[in-house]
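One structure is given below, encoded as structure tokens.
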Amino acid sequence: MRPASVCLSLLLLFCAAIPARAAQPNPAQPPQAAPARPGAAQSAFVVILDATAGYARLEAAKPVLNAVVRDLPENAQAALYLYPQPSQVACLPVRELVPLGPLNKLDFMRAVSSLARPDGKPAPTLDLEAATKRILAVRTPVTAVFLSTGLDTCGEDPGPVVSILKALGLPFTLRIVGYQVTSMQAAVLDNMAGLSGGSYESAADGADLARALRRAFRVENLLVRATRLGAPFDALVEVRPASAGTAGTPPLATFRTGPSGLGGISLPLGRYELTVSDPTASGRIRSVFKDVAVTNERIAVREAAFGGAEIRVAAIKNGKPIDARVEIAAEGGSGILIQGQSGSPPAPFLVSPGIYSIRASDPENPRRPPSVLPSIAARSGVVTTVPVSFDEGWISVRTLVDGMPGNVLVEIYSPGEKEPLATGMSGAETPKAFPVLPGSYDVKIIDLPTKKSAIRRNVSVMPGRTTTSDFAAGFAGP
């Protein structure tokens, strides 16, 4: 296998160059940015272009790779190697197009575009000893991005070397991208990445290749893409433990996606809840991703798409608009969850076209169950307005104890429930009116001195009206 030979040389170089285990993050602690040393490189990248299947496939990769290089950190270190297409009689030696050193983006991109050294001279073969000394001088973990176009029969099996590096826990990450490779070739490359604790991704065309290379160069293990009406925008991302939920829990970390709509962070391995907010939207609207797993196997990627369709929740209470709490959940198991305030006037919730279930809660009475509206269709380019009413009615209680108006304790229950929705004393001269949503309720009264009680079931309440429940008959003291 040609990539076996490719990676064997590289892995031997790293095995000699990196002597210490990298410190592992503590999952219990929030991720902290590493302090920058003046003039120190915070990232080191080794780029390996594999032309074993020919140079034609690498032509499509050139503009994509150059676009990625433009986004690399300014203080990065980088190197570029080329594994030429074998001749009919021999495997050609590895070429060093750019030796490892401070990244000069213009020179690096020129080398990629020409597949030659920037000065036009023939590229020398790889000098392992010199390359090792250069990596020793960097003193930072190295990310190797290996772009493979296929396999041939040159080289040895890299498995034993990869396994040794994995066991030592050396700070070396191998990220392989297979461009237009066969399924059998992809399986070999995927196994190679798995042995090193790195990642593998296949790319079938130029668009796939662009996405795969951008993921490969990222040092972050969590990426978030944010779009509004299909265009990228600068969203705010909050990270919390998966078990914490969003209500009142301070985030472990926050970051922005930036104008490109793509942002990332490096997190300890674990499970998280992400809240992606559109800072410019009214109603504090946010997209929530629950139970996001961050593992060694793959970079976790979530896409927050605000747009394509629009839902507005028009909430009223007693004839007046109110700012209700709203949750919009996609039906069908996609896991999309949008949260925010309904707004007054109604705020736009930008969602992807689909079928959603809407839950709206009365902010003035958090004990009341939310109104649930299932199977709301959101269509592309259409504003769907959903009315929600929190109109109240009232229950008033009049009671005679021993034939005289009395003070009693009133408890109002939803049918079948054991905990009262409302409770309080109702006076003999001024009966108290208890606000409830329209519906049917069980009303219980208790004479505190005697502990005697009575109950009236299925008391109907209409919106905007007061229903008087009269216990004048059949309730007496001892």
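Can you find even one residue in the stretch 280-299 that is modelled with pLDDT of 85 or more and closer than 18 Å to Asp362 by Cα? Looking through the stretch 280-299, none of the residues is modelled with pLDDT of 85 or more and closer than 18 Å to Asp362 by Cα.
Just to be sure I understand, how many residues within the stretch 446-471 are within 51 Å of the chain's Cα centre (by Cα) and either aromatic (Phe, Trp, Tyr) or surrounded by 14 or more Cβ atoms within 10 Å (Cβ to Cβ) (or both)? So the answer is 6. Among the residues of the stretch 443-452, those that are assigned to a strand (DSSP E or B) and at pLDDT below 85 comprise Asp447, Lys452.
Residues in the stretch 44-56 that are at pLDDT below 80 and crowded, with 18+ Cβ neighbours inside 10 Å: Ala51, Thr52, Ala53. Please indicate, with yes or no, whether at least one residue in the stretch 419-429 is among the polar types (S, T, N, Q), at pLDDT below 85, loosely packed, with under 12 Cβ neighbours inside 10 Å and within 30 Å of Ile316 (Cβ to Cβ). No - not one qualifying residue is present in the stretch 419-429.
Within the stretch 405-418, if we keep just the residues that are open to solvent by 20 Å² or more (accessible area, probe 1.4 Å) and either under 21 Å from Asn318 (Cβ atoms) or of a type in the set (Gly, Ala, Ser) (or both), the residue that is modelled with the highest pLDDT turns out to be Ser414. When the stretch 201-217 is filtered for residues that are out of contact with any helix residue (DSSP H, G or I) (no Cβ under 7 Å at 6 or more places or on another chain), open to solvent by 60 Å² or more (accessible area, probe 1.4 Å) and either assigned to a helix (DSSP H, G or I) or under 30 Å from Thr280 (Cα atoms) (or both), only Arg211 remains. Would you please list the contacts, defined by Cβ atoms under 6 Å and residues six or more apart or on different chains, that run from a residue in the stretch 180-200 that is open to solvent by 60 Å² or more (accessible area, probe 1.4 Å) to a residue that is basic (Lys, Arg)? What qualifies is Gln180/Arg57. In the stretch 430-442, the count of residues that are at positive phi, loosely packed, with under 11 Cβ neighbours inside 10 Å and either part of a strand (DSSP E or B) or modelled with pLDDT under 85 (or both) is zero. Taken over the stretch 353-403, the criterion of being more than 25 Å from Pro463 (Cα to Cα) and more than 30 Å from the chain's Cα centre (by Cα) is satisfied by Leu400, Val401, Asp402, Gly403. Please indicate, with yes or no, whether at least one residue in the stretch 288-311 is closer than 26 Å to Pro435 by Cα, touching a strand residue (DSSP E or B) at 6+ places or on another chain (Cβ under 9 Å) and in a strand (DSSP E or B). No; the residues of the stretch 288-311 include none that is closer than 26 Å to Pro435 by Cα, touching a strand residue (DSSP E or B) at 6+ places or on another chain (Cβ under 9 Å) and in a strand (DSSP E or B). Filtering the stretch 195-225 to residues that are modelled with pLDDT under 80 and hydroxyl-bearing (Ser, Thr, Tyr) leaves only Ser196. Tell me yes or no: at least one residue of the stretch 236-255 is polar (S, T, N, Q), crowded, with 19+ Cβ neighbours inside 10 Å and modelled with pLDDT of 80 or more. No; the residues of the stretch 236-255 include none that is polar (S, T, N, Q), crowded, with 19+ Cβ neighbours inside 10 Å and modelled with pLDDT of 80 or more.
The values are calculated or read from the model by the stated rules, or taken from the named source; none is laboratory data. Note that the structure is a prediction, hence the values are computed from the model and not measured. So basically every Cβ, Gly included, is an ideal-geometry build from the backbone, and we count neighbours across all protein chains shown. When the accessible area is computed, the model is the full protein with side chains, heavy atoms only, and any ligands, DNA or RNA have been set aside. Shrake-Rupley method; radii C 1.70, N 1.55, O 1.52, S 1.80 Å.
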